[in-house]
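Q: First the structure, then my questions, so here it is.
Where a number appears in this text, it was derived from the coordinates with a stated rule and is not lab data. Note that the structure is a prediction, hence the values are computed from the model and not measured. Cβ placement follows ideal geometry from the backbone for every residue including glycine, while neighbour counts extend to all protein chains displayed.
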């Protein structure tokens, strides 16, 4: 029975403590003083050391937020920024330049007979084709005539 009364009394005391309005530590005079001192220490031209600024920050944290004033994670002012080296780009090994392919040789058009006389004919290339009976003979040998076109070796 005594144990039950002790538990009930503890519960009632906890509810009574929770029901009383607590003053806001962020609006307290001590919080305002510590924050003003911290801002003055962080201002440009201040002669405070990094350790002094950290001590003021810890005091302001404790006055404004309660607790021990120790940061759960490192303060951004407690360590130097991490320097990341610039990226390096590996250039591909130089490849010898590729020469463009040679153009295809022009298509030779067959010569055309331009004029004839009793001894032979002239073709469009300016070559004289001599007549030997029904055949025409060029500088390389016998030519084959197909209409007005002439194919000579």
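Q: If you stretched the chain out fully between residue 37 and residue 146, how much longer would it get, using 0.36 nm times the residue separation minus the C-alpha to C-alpha distance?
A: Length gained, residue 37 through residue 146: 28.1 nm.
Q: Quick one: 84, 112, 53, fewest Cβ neighbours within 10 Å first, how do they rank?
A: On the way: 84 6, 112 12, 53 17.
With the sparsest Cβ surroundings first, the list reads 84, 112, 53.
Q: For residue 48 paired with residue 90, estimate the spin-label separation in nm (one decimal), with each label point 7 Å from Cα along the Cα-to-Cβ line.
A: Once both label points are built, they end up 5.0 nm from each other.
Q: Please work out whether the stretch 111-151 counts as rounded, prolate or oblate from its C-alpha gyration tensor, where a ≥ b ≥ c are the square roots of the eigenvalues and a/c under 1.5 means rounded, while otherwise a/b larger than b/c means prolate and anything else oblate?
A: Because its axes are fairly even, with a/c under 1.5, the stretch 111-151 counts as rounded.
Q: For residue 109 paired with residue 83, estimate the spin-label separation in nm (one decimal), with each label point 7 Å from Cα along the Cα-to-Cβ line.
A: Rounded to a tenth, the inter-label distance reads 7.5 nm.
Q: Could you line up 82, 113 from fewest to most neighbouring Cβ atoms inside 10 Å?
A: Arranged by neighbour count, lowest to highest, 82, 113 become 82, 113.
Q: Then there is this: List 47, 24 from most exposed to least, where exposure is judged by having the fewest other Cβ atoms within 10 Å. It would help to have the intermediate numbers written out before the result.
A: Details: 47 6, 24 9.
If I rank by nearby Cβ atoms, fewest first, I get 47, 24.
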